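The structure appears right after this line, and notes come after that.
The values are calculated or read from the model by the stated rules, or taken from the named source; none is laboratory data. All values reported here derive from a predicted model rather than from experimental measurement. For neighbour counting, all protein chains shown are included, and Cβ atoms are generated from backbone atoms with ideal geometry for every residue, glycine included. Just so you know, the surface numbers come from the protein's heavy atoms only, side chains and all, with ligands and any DNA or RNA stripped out. Shrake-Rupley method; radii C 1.70, N 1.55, O 1.52, S 1.80 Å.
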Amino acid sequence: MFRTIAKVGTRSLQRNTLSFQQRTFGVSPITFHGHLKKPNPGEELHITFITKEGDQKTFEVAEGDNILDIAQANHLDMEGACGGSCACSTCHIIVDPEYYDKIPEPDDDENDMLDLAFGLTETSRLGCQVVMSKELDGIRVALPVLTRNFMNKDMN
Amino acid sequence: MNITRRFLSTNSNLKKLAVIGSGPSSFYTILQILKKQPNNFQIDIFEKNPSPFGLVRYGVAPDHPEVKNCIDKFNEISEFIKTGKVKYFGNVEICKDLSLNDLYKNYNGILYAYGSSNGNKVEFPGSLHQNIINSFDFVNWYNGNHNYKNVIKSLKGIKDISIIGAGNVAIDIIRILLGDVNKRWKSTDISNHALNILKESDVKNVNVIIRRGILDSKFTNKELRELLEMRDEGVEFKGWNKEDFDEQLKSLGKLDRVNKRRIDLLNKYKENGNGNGNKGWKLNYLRSPIGIMVKPDGNIKELLVKVSKMVHNEENDKWEYKSDGKIESIPSDLVILATGYKCEPLNEFKEIGILFENGKIINNNGKIENIKNSYCVGWVSNNSQGNINNTVNDSMNVAETIINDEDLINDENKEGRKEIEIILKNKKHKIVKWEDWEKIHSIEIDQGNKDGKPYNKLSFNEMLELVK
């Protein structure tokens, strides 16, 4: 499926990905909130968020958790205004191209919502619709950076 | 500010912020400010209605409860209400119960977040006819704002309706008018007055009249798909004037994602239509209203529209609208104007010097530039554009603007709510506090549950009677 590529978004992801490889980092201890499961020992999956500030945050999570829940449980800036029911696009994430194809394809509902996301890229998804699986272990996702001017331009 | 003082957050060193309005932009901004700086602000919310949440409560369609899930987030304000960081002044209208002067005298900063209070109007001969209704009023009617209870008194004998405008509100209204009452509406928070009228409705056909072309459609694909899928409820999509765009679409070749998906959707449902639905709707692009034909009894018979066509301008290589010279008449017992919502300036703006143009307060990233310590967010800052996604982003940005504004200081001469409460008390004005609202809503839930609904919205008078 063809998608409009917001060049800014993709470029910043690439830059972030690069710095990810250069930087050393520690795995943060996780506090479990709400409906996140505790991974069984030895079955931990890893996810790295690239925040709006460009920081890398890696968490150990369980299979079956979705990315919105993971982000919110760890106090990252992801809104999820509709509570994860695929009725808004405030949990828009940009997935590292290396992992994008490993995620099951978005359905019509998710595509309808991605239509409304700002700075849509070729590898955009909604966090609430991406569920952690063994194939996605090590996935890296960026939270899109938005300024008000960008938004207004986008809206017109 | 030195460190010791920052830790000792007594009343006097808090920045006192007054927020006008309690819709999504208001709540998202306030919660973001308090998330980033929990100890620096004391925030008072002024809402002209007794109930909070603005268009989430009185705008979002009853069959979209998932969109209203954001209220769960807004209710996090309760924690800040308990600690006194936030106070809710429901039933307090600014420029009526309190003046802007009162606010500027008592607060360090003012945030305008009061949104739309009206619908855009389209004027043409006959547009003031009583059977031409504004979508703003219609939406408030079905969403249980009792001030709009009489917008529709009956839909008996009303068979054909024309809706002017092609945004998501137009689509919401088609679902309301044609959807199966028992399957779609009975168990929602729709108003009982609307439910009773819809049960006896005779509406069969809805024509959407759209001035511009397919590529300028304002509705989103989600809403469009939902409406098309209502074929299963016996609501037929009767097509769109595709042939008027054949040449344009062919010459443009590859379309952007949103338009491509939109056209694919429309074509899929048009081709698969079985023609058996006893109710249906149609998109009529390139049509603008120019008048009405009236029956001898005074009711509307037809809406007259002038037809345009798409013409390629060789000079700038753009597709433009040109009059076709043709006029069509569309059978219509009722006409609904759904051409967007509109914000209006407050009475005292001129006096204070706040510039309001093109449906919005003039601002830069939420800062009102010519007046110190004044901010705006949401629809009043952007001419009623965008959905909840835009509002979330906008609110995050405006919260940053407010937090980072060096001019916004905790001038200790400002008394904040202490003085405001005295003013309102002297006027014997009834304030709906947050606890009052929680009590009101629990009664709404009890009453609704008896009818098999999540809640029944009380009228503003009923709410006020519940408040001591």
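When DSSP beta bridges are restricted to pairs lying wholly in chain B, around 40% turn out antiparallel.
Run the accessible area of the protein assembly as shown with a 1.4 Å probe and give the carbon-and-sulfur part as a rounded percent. For the protein assembly as shown, the apolar C and S fraction of the accessible surface comes to 47 percent.
Only protein heavy atoms count here; under a 1.4 Å probe, B:Ile368 has an accessible surface of about 0 Å².
Shown is the FRET efficiency for A:Glu43 and B:Asn39, computed with R0 = 30 Å from the Cβ-Cβ distance and rounded to the nearest 0.05: 0.15.
Report the accessible surface area buried between chains B and A, summing both sides, using a 1.4 Å probe on protein heavy atoms only, in Å² rounded to the nearest 100.
The summed interface area works out to 2700 Å².
Name all residues of the stretch B:334-354 having a backbone nitrogen under 16 Å from the label point set 7 Å from the Cα of B:Asn299 along its Cα→Cβ direction, giving them as ranges. Residues passing the 16 Å test: B:334-336. Normalised size of chain B, defined as Cα radius of gyration per 2.2 N^0.38 Å with N residues, equals 1.07.
Restricting the calculation to Cα atoms, the stretch B:140-240 yields a radius of gyration followed by a Dmax of 13.7, 38 Å. The ellipsoid that matches the Cα gyration tensor of the stretch A:55-132 has semi-axes, each √(5λ) in whole angstrom, of 18, 15, 12, with the longest given first. Of the trypsin sites (Lys or Arg not before Pro) found in the stretch B:362-420, those in coil by DSSP whose Cβ has at most 16 other Cβ atoms within 10 Å are B:Lys372. Look at the stretch A:101-112: the mean tally of other chain Cβ atoms within 10 Å of its residues' Cβ atoms is 2. For chain B, relative contact order (Cα pairs under 8 Å, six or more residues apart, normalised by length) works out to 23 percent.
For B:Glu315, A:Glu44, A:Glu135, what's the largest-to-smallest order of accessible area, 1.4 Å probe?
On the way: B:Glu315 180, A:Glu44 60, A:Glu135 115 Å².
Highest to lowest solvent-accessible surface, that is B:Glu315, A:Glu135, A:Glu44.
The contact residues of the stretch A:76-90, meaning those that lose at least 10 Å² of 1.4 Å-probe accessible area when all protein chains sit together rather than their chain alone, are A:Asp77, A:Glu79, A:Ala81, A:Cys82, A:Ser85, A:Ala87, A:Cys88, A:Ser89, A:Thr90. A convex hull fitted to the Cα coordinates of the stretch B:366-424 yields 125 cubic angstrom per residue. Over the stretch B:120-341, Cα pairs under 8 Å with separation of 6+ residues give a relative contact order of 31 percent. Each stretch of four or more DSSP H residues adds -39500 (n - 2.57); spread over every residue of chain B, this sum gives -9500 deg cm²/dmol at 222 nm. So for the stretch B:120-341: antiparallel DSSP bridges make up what percent, rounded to the nearest 5? Given both bridge residues lie in the stretch B:120-341, the antiparallel proportion sits at roughly 45 percent.
Among B:Lys350, B:Lys322, the sequence by solvent-accessible area, most first, with a 1.4 Å probe is B:Lys350, B:Lys322. Based on the Kirkwood approach, the hydrodynamic radius assigned to the protein assembly as shown is 26.5 Å, with every pair of different Cα atoms included. Average 1/r across all pairs of distinct alpha carbons in the stretch B:120-341, invert it, and you get the Kirkwood radius: 18.2 Å. Computed with a 1.4 Å probe on the full set of protein chains, the accessible area for A:Leu45 sits at about 10 Å².
In Å², what does the accessible area per residue of chain B work out to with a 1.4 Å probe?
Numbers: 20930 Å² over 468 residues.
Accessible surface, normalised per residue, equals 45 Å².
Using Stokes-Einstein with the Kirkwood hydrodynamic radius over Cα pairs, what translational diffusion coefficient do you get for the stretch B:354-397 at 4 °C and a viscosity of 1.567 mPa s, in µm²/s rounded to a whole number? Translational diffusion coefficient: 123 µm²/s. Charges were assigned to the Cβ only: +1 to each Lys and Arg, -1 to each Asp and Glu. The resulting dipole of chain B about its Cα centre is roughly 480 debye. Solvent-accessible surface (1.4 Å probe) assigned to B:Phe46 amounts to roughly 0 Å². Counting only residues at least eight positions apart within a chain, or on another chain, the aspartates and glutamates with an alpha carbon under 15 Å from that of B:Lys85 are B:Asp44, B:Glu76, B:Glu415, B:Glu435.
What fraction of the DSSP beta bridges in the protein assembly as shown is antiparallel, stated in percent and rounded to the nearest 5?
Values: 37 of 81 bridges.
Roughly 45 percent of the DSSP beta bridges within the protein assembly as shown come out antiparallel.
Cross-link pairs exceeding 23 Å in C-alpha to C-alpha distance, out of B:Lys96/B:Lys360; B:Lys68/B:Lys457; B:Lys186/B:Lys430; B:Lys268/B:Lys342, comprise B:Lys186/B:Lys430; B:Lys268/B:Lys342.
Scan the stretch B:166-258 for GluC sites (Glu not before Pro) in coil per DSSP, keeping those whose Cβ has at most 15 other Cβ atoms within 10 Å, and list them by number. Walk me through the intermediate numbers first.
On the way: sites: B:Glu200, B:Glu223, B:Glu226, B:Glu229, B:Glu233, B:Glu236, B:Glu243, B:Glu247; in loops: B:Glu200.
When the GluC sites (Glu not before Pro) of the stretch B:166-258 are filtered for loop state and at most 15 Cβ neighbours within 10 Å, B:Glu200 remain.
Taking the centroid of alpha carbons for each part, the stretch B:187-208 and the stretch B:43-103 are 28 Å apart.
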